[in-house]
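Peer 1: What follows is a structure written as structure tokens; I'll ask about it next.
The values are calculated or read from the model by the stated rules, or taken from the named source; none is laboratory data. From a predicted model like this one, the values you see are computed outputs, not experimental measurements. Virtual Cβ from ideal backbone geometry, glycine too; neighbours counted across all protein chains shown. Just the protein is used for accessible areas: all its heavy atoms, side chains included, with ligands, DNA and RNA removed. Shrake-Rupley method; radii C 1.70, N 1.55, O 1.52, S 1.80 Å.
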Amino acid sequence: MTDPKLRHRQPPSAVPDRGAASALAEDARLRFEALYERQASWDVDGPQPAIVGLVDSGQVRGVVLDVGCGTGENALYAASKGLETWGLDIVGGAIMTARAKARARGLPAARFLVGDALALAEIGMVFDTVIDSGLFHALSDPERPYFVVGLAEVLRPGGRYHLLGFSEHEPRDTGPRRLTREEIRATFERPWNVISLEETRFLTRLHQGGARAWIATIELGEGSGC
């Protein structure tokens, strides 16, 4: 496996205010811990089919970060296909569950970290692919800039970010914030390039057949980064 120390990238010189980001992260940790205690609706027994499709078609490659990994099913699937995969989540209990699953399934290529998705540069690693199953659509407007800045720090230039989130076409009034095609494109402008943006389904414990969602593949421009 790649030595994380050899992939270290220095933190960015100019990022949004870290004090404000820490307060947002603490609020998120408490909120999501409470949801996991009640059995989170997105914590289904297996990987998301949209992520499986990306892995099986070779679109998830190199060293992989599953950001907001929860109890790890998507990361574990990628690792089962031979990919060195790291999962990151702010909820310690979810990470403990993910680590237990990795041990039970004999998947040493899957490693899991407790960490803040609003401070990704603190991981000290660079990845070839980042997968996001249900994180971005849960972020508030104040949180999104921290995430996007950090994402650019941990994704190598030319690397790809795969975003799976509820779309505005999902009619149920429960669940996370909906994403529109337009706001995805507006958020990921240069140096980002939206390679594809397609309709799909997001499996939950509440939506029979899955909620209507977007799956986007977004590439970081070659001229970005350190």
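Peer 1: From the phi of every residue in segment 118-132, what ³J(HN,Hα) in whole Hz does the Karplus formula 6.51 cos²θ - 1.76 cosθ + 1.60 yield, where θ is phi - 60° and glycine or proline is x?
Peer 2: Per-residue couplings from phi come out as 8, 9, 5, 4, 5, 5, x, 9, 10, 10, 7, 9, 10, 10, 9 Hz.
Peer 1: Rounded to the nearest 10 Å², what accessible area does Arg185 show when all protein chains are kept and the probe is 1.4 Å?
Peer 2: 110
Peer 1: In addition: What is the sum of charges, Lys and Arg at +1 and Asp and Glu at -1, for the other residues whose Cβ falls under 10 Å from the Cβ of Ala117?
Peer 2: Details: positive: none; negative: Asp89, Asp116, Asp132, Glu143.
For residues surrounding Ala117, the net value is -4.
Peer 1: Simple spin-label model, 7 Å along Cα-to-Cβ: Ser57 to Ile195 in nm?
Peer 2: Roughly 1.0 nm, to one decimal.
Peer 1: Accessible area per residue of segment 76-136 at 1.4 Å probe, in Å²? Display every interim value, and only then the final one.
Peer 2: Values: 2140 Å² over 61 residues.
Dividing the accessible area of segment 76-136 by its residue count gives 35 Å².
Peer 1: Rounded to the nearest 10 Å², what accessible area does Glu222 have for a 1.4 Å probe in the complete protein model?
Peer 2: Result for Glu222: roughly 140 Å² accessible.
Peer 1: Sticking with this one: For a quick check: with amide H placed at 1.01 Å from N, whose amide H comes under 5 Å from Leu155's, ignoring anything fewer than 5 positions away on the same chain?
Peer 2: Phe127
Peer 1: Hey, another quick one. At 1.4 Å probe size, what's the solvent-accessible area of Asp173? Round to the nearest 10 Å².
Peer 2: The accessible area of Asp173 comes to roughly 150 Å².
Peer 1: In sequence order, what are the phi-derived ³J(HN,Hα) couplings for segment 173-183 according to the Karplus relation 6.51 cos²θ - 1.76 cosθ + 1.60 with θ = phi - 60°, rounded to whole Hz, with x for glycine and proline?
Peer 2: 3J(HN,Hα) across segment 173-183, in whole Hz: 8, 9, x, x, 4, 8, 10, 9, 4, 5, 6.
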